[in-house]
Amino acid sequence: MRSAALVCAAGLLLAGCTAAADGAAPPSDSPSAPSPDPSPVAVGATELGAALVQYRRDAQRDVLQVKVTNPGEEPVTVRRVQLDSATFTAPVVADKDSVVGPGLTVDLTVDLPGAACDGRDEAPVAVELTVLDAAGEEHVVRLDTARGGAGGTTGSLADGSGADVLAEVQARRCAAITVAEHVRLSTDPEWVDGGPLPDGTPTLLGALVAEPVPGGGPVALVVQGATTLFTFVTAADASLAAGAEETVRLPLRVRVTRCDPHAVAEDKKGYLVPVRASLDGAEPLLVEVAVPVPERAALQGLIDASCA
């Protein structure tokens, strides 16, 4: 059995403590807890419940967590996890060897394939688990988004933790795919001292770089504002006409949003510049432009200068 740290977490699916699986530490960026009213499934002498979550740390890695709960008195071993949904372009299958002890919840990481961005983002989703009970007998159980599962080997995911979670994840992924068909967004690698604000707060100057994609339509860009760590300010918005060929640079002025140690130490999305992109006048899509890790030293220096 893999060693797993334990952390008690109120409001998780069924009562108990959480064991982080797959060698990961227990996450401190838990999403909103789903309603604890799933219909569990029987595995030998015990039952299992399940929920889907995506922590902030996972969004840029395109992974989900299948949160498996064992409220019984005997351990079980999850050998395989499969997600079934029309929102994916390929099957989602992950082999595991994760023990879920009595009264514990374990996060099982699954990598997501491509998103099917053709209006299927709210399709039903089901979780199929291949599990060994304490006696070593194999069971295949299924939990889906239908309410009021029939029991036995079929049950339901916690309310709000299946199709709702997946729809949010896929909508974000599809927004990024759609925008990338019209414009390639990045940050300029050079960040320079922007001088202090009137209240003495240090700033940096950088730029959002928008490179038009051949054949793309008109795009209007607006930097959304703040992340956990930084506030991004622009003097003006930017736009690219249909058939544009020249790259546009949108100047950014950055200041630190928060200095409390928890926010700085536990940040997962602070280095993602939030941008709203309107394609040909349509409703804006929110995308996040990551500052590459090698280029974050200047921003870390801004934290040091602002929070000293």
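Structure data summary
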quantity	calculated
Pick from region 277-308, criterion in contact with a Ser or Thr (Cβ under 8 Å, 6 or more places away or on another chain) and more than 30 Å from residue 218 (Cβ to Cβ), ranking: most open to solvent (accessible area, probe 1.4 Å)	306
Region 37-75, residues that are charged (D, E, K, R) and either at pLDDT 85 or above or open to solvent by 50 Å² or more (accessible area, probe 1.4 Å) (or both)	37, 47, 56, 57, 61, 62, 67, 73, 74
Scan of region 260-273 for residues that are modelled with pLDDT under 90 and not hydroxyl-bearing (Ser, Thr, Tyr), ordered by number	260, 261, 262, 263, 264, 265, 266, 267, 268, 269, 270, 272
Lone qualifier among 212, 196 - being farther than 15 Å from residue 271 by Cα and either surrounded by fewer than 17 Cβ atoms within 10 Å (Cβ to Cβ) or basic (Lys, Arg) (or both)	196
Subset tally (residues that are part of a loop (DSSP other than H, G, I, E, B) and touching a Ser or Thr at 6+ places or on another chain (Cβ under 9 Å)) for region 204-250	5
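Results for (1) crowded, with 18+ Cβ neighbours inside 10 Å; (2) modelled with pLDDT of 90 or more, shown as yes or no for each residue.
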{"position": "97", "(1), (2)": "no, yes"}
{"position": "126", "(1), (2)": "yes, no"}
{"position": "132", "(1), (2)": "yes, yes"}
{"position": "138", "(1), (2)": "no, yes"}
{"position": "144", "(1), (2)": "yes, no"}
{"position": "147", "(1), (2)": "no, no"}
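Matching residues to (1) open to solvent by 40 Å² or more (accessible area, probe 1.4 Å); (2) closer than 19 Å to residue 186 by Cβ; (3) basic (Lys, Arg):
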| residue | (1), (2), (3) |
| --- | --- |
| 208 | no, yes, no |
| 239 | yes, yes, no |
| 251 | yes, yes, no |
| 259 | yes, no, no |
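The values are calculated or read from the model by the stated rules, or taken from the named source; none is laboratory data. Note that the structure is a prediction, hence the values are computed from the model and not measured. Because the Cβ atoms are built from the backbone with ideal geometry, glycine has one as well, and the counts that use them run over all protein chains shown. When the accessible area is computed, the model is the full protein with side chains, heavy atoms only, and any ligands, DNA or RNA have been set aside. Shrake-Rupley method; radii C 1.70, N 1.55, O 1.52, S 1.80 Å.
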